[in-house]
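Input: a single structure, listed below in structure tokens.
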Amino acid sequence: MTEAEAAAELERLAAEIARHNRLYHTDDAPEISDADYDALTRRNAELERQFPHLVRADSPSKQVGAAPAGHLAKVAHALQMLSLDNAFSEEEVAEFLARVRRYLNLTDDAEVAVTAEPKIDGLSCSLRYEKGVLVLAATRGDGTTGEDVTPNARTIGDIPQRLSGDVPDIFEIRGEVYMSKADFAALNARLLAEAEDPDKARQFANPRNAAAGSLRQKDAAVTRSRPLRFYAHGWGEVSALPADTQSGVMRAIKSWGVPISHDIGLFTDVTGLIAQYRKIEAKRADLPFDIDGVVYKVDRLDWQRRLGQVARAPRWALAHKFPAEKAETILEAIDIQVGRTGKLTPVARLKPVSVGGVTVTNATLHNADEIARLGVRVGDRVRIQRAGDVIPQVLENLTPDEKRPAYVFPDKCPECDSDAVREEGEVDIRCTGGLICPAQRVERLRHFVGRHALDIEGLGITHIEAFFRDGLMQSPADIFTLKKDDLLARERWAEVSAQNLIDAIDARRMPPLDRFLLALGIRHVGEVTARDLARRYRSWDAFQTMIDGVLALRHETQPVIGEEERKFLQRRNKAVVEAVGTQNIGPEVANALLDFFEEGHNREVVAAIFAAGVAPADVVHEVRQSPVTGKTVVFTGSLEALSRDEAKAQAEALGAKAAGDVSKKTDLVVAGPGAGSKLKKAAELGIEVIDEAAWLRIVAEAG
Ligand code: IVH
């Protein structure tokens, strides 16, 4: 793997992991299983190990959880709220103890007492007591900044407003807010009963999400109506400690009136810890709440202090996770779900089965390859697994039968009937009707008006979702037929705000061609490709003529099979790429463009946008001549006067190409303070390097 590839993958991973963090921690609506999430973070860690100089400032390895959601006030934690390292085997537990001993430089016969207690599956919360009175409750957030949930926490019976007994002046109790399995089931049933439309009823995936969604409410009355519980497992900032061991402080917290786990044991060797782990595991299904492992903590606090923390987890604690729980059941149907970005995911509908106390009726089958690998058909008996997970998985087919016909993956999107295609070399099958597909519309609308696309000020996701829900905005064309009166008829819209939005929309009726192309959300067409296409074709008509020509070419040929087919595809790809005819566009992009325009629904939507009074502006700008015309420029480090986007635009206006990475093809590097590996590489390759001021002189001289 080259450095550029690694950097690109790290960038992609950072964005993807951040998105899943947000879905999990902020929206309480995860899309992937914990195991898949772990695989992403492991891949990130692996690449960072191989390419330590490429570790990003926004690397997921440096973060705990996700930044807090928008609507609650933020609070900085007096002491960071940490996460825990995970272990999955006895060896890893033994290694943890050995590491502790090594770090503390203990002799072999020195005794190390370690507590063991259940790891409850809730969300952590910090309760700040001053002079024994609750003054602040905060969620973990990203570990440094959380959300203020004080009024909400006050509604939880387990959390005293005032501690009893001899409490230090400042004492932050940290622990877990959770919901019992029974209360979770009752809450979901209630939400279903109360919903106007049962198909759209909000349902929580598991007790953890229900607890998070219930605690993080703007309106504490909602929290009050949700049966939340709390137990303490540690502390944050304190003015004094009531004991010098973990177990001693926990006893004190209990004596002040805050619940702690019933199952805290103290052990001095691996055998004891593992016995406690097995004991807790055996009780797991019968416990009234979800647990996903056992937490070990070095008991002596002076040792905890010496051990300190690495990155985001203490060296003195370890979470020993339970293995995934498994069960067998019957596969009753395979349904296809369409994700917000058009990915078709097969979902196994199962005969309900209890897995570790939770009734499972659905499991993911991931993709068509996975169905083929498992060889599953409706009616098969399957083994499934739930790993404290959001989405259970199908592990194995217990009744494979080659003779019955195999499952056929649909070639049409079940939501909108557009073609569903699988790109060469990809595992996922995607719906190509992005602009009309109900499953994707909100996401597409958001993309359409987003900052890099049409950039319509004041039309954010909240409005889009509300307009969509009320039928005011179903597809991009509806943006441009929106009337001021439509807005004024709605709550919270007044003359000025309505006029502002209408003006912002009108201001975008002639978007630059590249932004318009980007806005369509064609797969693989990002900013750079959209710009290349716009520069090459200069007008929508010319672009459309080219597409129609290439589509005809794509249809000319007869399908063939085997080696012939491969050669044919190769030839066709080459022809298509040549016909699209811009630099930097490979078969992947070219075919994605064609798939998009081949789908009649998409053409209809584009036509409707034009009919609503939108006309992409032709590209007219003449390239200004300058010493950098025709050269490749890389910007690195932090620029002061310019944003990275503006600097790139300047380069392009001067007929230069702005690239992301330094390579042999680079002619000039503009480096600001803090420039690192790219600057080094430029020096190695003998490439000219200038600072921002010199760059601005070049721009000014070009006039
Ligand atoms: S101790 C220094 N003990 O698990 C970190 N955490 O995966 C303090 N959790 O953020 C955590 N039960 O929210 C600790 N008995 C327990 C726990 C526990 C659940 C949560 C906690 C933590 C997360 C880490």
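Here are a few things to note about the model shown:
- The sole residue among Ile280, Ile260, Ile264, Ile330 that is touching a Lys or Arg at 6+ places or on another chain (Cβ under 6 Å) and over 19 Å from Pro392 (Cβ atoms) is Ile260.
- Only residues that are closer than 15 Å to Glu424 by Cβ and part of a helix (DSSP H, G or I) were counted in the stretch 582-614, giving 9.
- Residues of the stretch 63-79 satisfying the condition of being exposed (fewer than 15 other Cβ atoms within 10 Å of the Cβ) and modelled with pLDDT under 70: Gly70
- Among residues of the stretch 474-494, those that are more than 13 Å from Val605 (Cβ to Cβ) and of a type in the set (A, V, I, L, M, F, W, C), counted: 6
- Leading residue by the ranking (surrounded by the most Cβ atoms within 10 Å (Cβ to Cβ)) among those in the stretch 479-505 that are among the charged types (D, E, K, R) and under 33 Å from the mean Cα position of the chain (by Cα): Arg490
- Residue in the stretch 405-415 that is assigned to a loop (DSSP other than H, G, I, E, B), β-branched (Val, Ile, Thr) and more than 27 Å from the chain's Cα centre (by Cα) present: yes
- Candidates in the stretch 117-141 are the residues that are of a type in the set (Lys, Arg) and assigned to a strand (DSSP E or B); of these, the one that is farthest from the ligand (Cβ to nearest atom) is Arg128.
- Residues in the stretch 205-229 that are assigned to a loop (DSSP other than H, G, I, E, B) and free of Cβ contacts under 8 Å to residues at least 12 places away in the same chain were compared, and the one that is surrounded by the fewest Cβ atoms within 10 Å (Cβ to Cβ) is Asp219.
- Summed over the stretch 144-196, the residues that are aliphatic (A, V, I, L, M), touching an Asp or Glu at 6+ places or on another chain (Cβ under 8 Å) and either without any contact (Cβ under 8 Å) to a residue 24 or more places away in the chain or crowded, with 22+ Cβ neighbours inside 10 Å (or both) give a count of 0.
- Of the residues making up the stretch 88-98, just one is within 16 Å of the ligand (Cβ to nearest atom) and not hydrophobic (A, V, I, L, M, F, W, C), namely Glu92.
- Selection count where residues are assigned to a loop (DSSP other than H, G, I, E, B), buried (at least 23 other Cβ atoms within 10 Å of the Cβ) and not hydrophobic (A, V, I, L, M, F, W, C), scope the stretch 424-478: 4
- Each residue in the stretch 291-332 was checked for being assigned to a strand (DSSP E or B) and within 13 Å of the ligand (Cβ to nearest atom), and 17 of them qualify.
- Single residue of Leu84, Leu106 found to be within 16 Å of the ligand (Cβ to nearest atom) and in a loop (DSSP other than H, G, I, E, B): Leu84
- Some residue of the stretch 254-274 being surrounded by fewer than 14 Cβ atoms within 10 Å (Cβ to Cβ), within 24 Å of Ala212 (Cα to Cα) and more than 34 Å from the chain's Cα centre (by Cα): yes
- Output for the stretch 353-366, where each listed residue is under 20 Å from Arg284 (Cα atoms) and either within 24 Å of the chain's Cα centre (by Cα) or part of a strand (DSSP E or B) (or both): Val353, Ser354, Val355, Val358, Thr359, Val360
- Residues satisfying the stated conditions in the stretch 306-342, i.e. of a type in the set (D, E, K, R), modelled with pLDDT of 90 or more and touching a strand residue (DSSP E or B) at 6+ places or on another chain (Cβ under 7 Å): Arg315, Lys321, Glu328, Glu332, Asp335
- Selection from the stretch 142-189 of residues that are of a type in the set (Lys, Arg) and within 15 Å of the ligand (Cβ to nearest atom): Arg174
- Filter pass, Arg383 being touching a strand residue (DSSP E or B) at 6+ places or on another chain (Cβ under 7 Å), part of a strand (DSSP E or B) and over 23 Å from Lys351 (Cβ atoms): no
- Scan of the stretch 206-248 for residues that are within 15 Å of the ligand (Cβ to nearest atom) and within 27 Å of the chain's Cα centre (by Cα), ordered by number: Asn206, Pro207, Arg208, Asn209, Ala211, Ala212, Leu215, Arg216, Leu228
- Residues in the stretch 643-688 that are more than 31 Å from the chain's Cα centre (by Cα), outside any loop (DSSP other than H, G, I, E, B) and surrounded by fewer than 18 Cβ atoms within 10 Å (Cβ to Cβ): Glu652, Ala653, Lys680, Ala683, Glu684, Leu685, Glu688.
- Boolean, Ala656 is in contact with a helix residue (DSSP H, G or I) (Cβ under 9 Å, 6 or more places away or on another chain), among the aliphatic types (A, V, I, L, M) and closer than 19 Å to Arg515 by Cα: no
- Every residue from the stretch 656-699 that is over 14 Å from Ser638 (Cα atoms) and polar (S, T, N, Q): Ser663, Thr666
- Figure legend. Inter-residue proximity from the stretch 305-325: first residues over 14 Å from Ile280 (Cβ atoms), second residues of a type in the set (Ser, Thr, Tyr) and near the ligand (Cβ under 8 Å from one of its atoms), beta-carbon distance below 8 Å, spacing 6+ or different chains. Indicated pairs: Arg312/Ser83; Ala313/Ser83.
The values are calculated or read from the model by the stated rules, or taken from the named source; none is laboratory data. These figures come from a predicted structure and were not determined experimentally. Don't worry about glycine lacking a Cβ; one is built from the backbone with ideal geometry, like all the others, and counts go over all protein chains shown.
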